[in-house]
Amino acid sequence: MIGRLNHVAIVAPDLAAAAALYKEQLGARVSAPLPLPEHGVTTVFVELPNSKIELLHPLGERSPISNFLANNPAGGMHHICYEVEDLAAAIKRLKAEGARVLGDGKPRTGAHGLPVVFLHPKDFCGTLIELEEVRSCEGVPARSPAEGAAA
Ligand code: CO
């Protein structure tokens, strides 16, 4: 059901320092900070050959990651995001299997303008999981059934 790892989100207490760390020490391509007021975060995108890292810092007084930073003052991994082709079908299957979808259980528009939901960390090895609906996985050739069977 899940496809590619879309991104790993890391909350950073100092976004500029975190961006410099990825750029200078790890030699990655990083974006300029992008404020997303409707999501209560400022984010720096780190482009990797096979995925992305999103460095997050709270923005505004009601940021959804303020508590995380208060509990983890040095920062830390916040969530991982997997791509799915059909979010409604994924939600239906997960609910049928007893997994908890956070909030009202309905997709909302995520930081990339695509529908997302979050799954309860206690149902997934202590990891907050974001599912993002990506209908056309650019650059990733669709697997033939034969390849799928071999993998
Ligand atoms: Co995310």
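Positive end of the charge dipole of the stretch 5-141 (Lys, Arg +1 and Asp, Glu -1 on Cβ, about the Cα centre): tell me which of 43, 73, 90 has its Cα farthest that way.
Value computed over the given set: 90.
Using Cα positions and a limit of under 20 Å, work out the lysines in reach of residue 52, with same-chain residues fewer than 8 apart set aside.
Those lysines meeting the cut-off are 23.
Once amide H atoms are built 1.01 Å from N in the peptide plane, which residues 5 or more positions from residue 59, or in another chain, come under 5 Å H to H?
Amide H neighbours of residue 59, under 5 Å, 5+ apart: 41, 42.
Convert each backbone phi in the stretch 96-107 into a coupling constant with the Karplus relation 6.51 cos²θ - 1.76 cosθ + 1.60 (shift: θ = phi - 60°), then list the ³J(HN,Hα) values in order as whole Hz, x for Gly and Pro.
Listing the rounded values in order: 4, 8, x, 6, 9, 8, 6, x, 8, x, 9, x Hz.
Build a GNM of the chain with springs between Cα atoms under 10 Å: which of 88, 111, 70 gets the top mean-square fluctuation?
Residue with maximal mean-square fluctuation among 88, 111, 70: 70.
Could you order peptides 50-62, 20-32 by the average number of other Cβ atoms within 10 Å of their residues, highest first?
In descending order of packing, they fall as 50-62, 20-32.
If the elastic network links every pair of Cα atoms under 10 Å, which of 64, 121, 49 fluctuates the most in the Gaussian network model of the chain?
Judging by the Gaussian network model, the answer is 49.
Kirkwood Rh over Cα pairs of the chain into Stokes-Einstein at 37 °C, 0.692 mPa s: D in µm²/s?
Diffusion coefficient, whole number: 198 µm²/s.
Can you figure out the FRET efficiency of residue 23 with residue 74, using R₀ = 22 Å and their beta-carbon distance, to the nearest 0.05?
That gives a FRET efficiency of 0.65.
Taking the DSSP beta bridges in the chain as the whole, what percent of them are antiparallel, to the nearest 5?
Here the antiparallel bridges make up roughly 70 percent for the chain.
Readers should treat all values here as calculations from the given coordinates under stated rules, not as data from a laboratory. Remember, it's a predicted structure, so these values are computed and weren't measured experimentally. Every residue, glycine among them, receives a Cβ derived from its backbone with ideal geometry; neighbour counts consider all protein chains shown.
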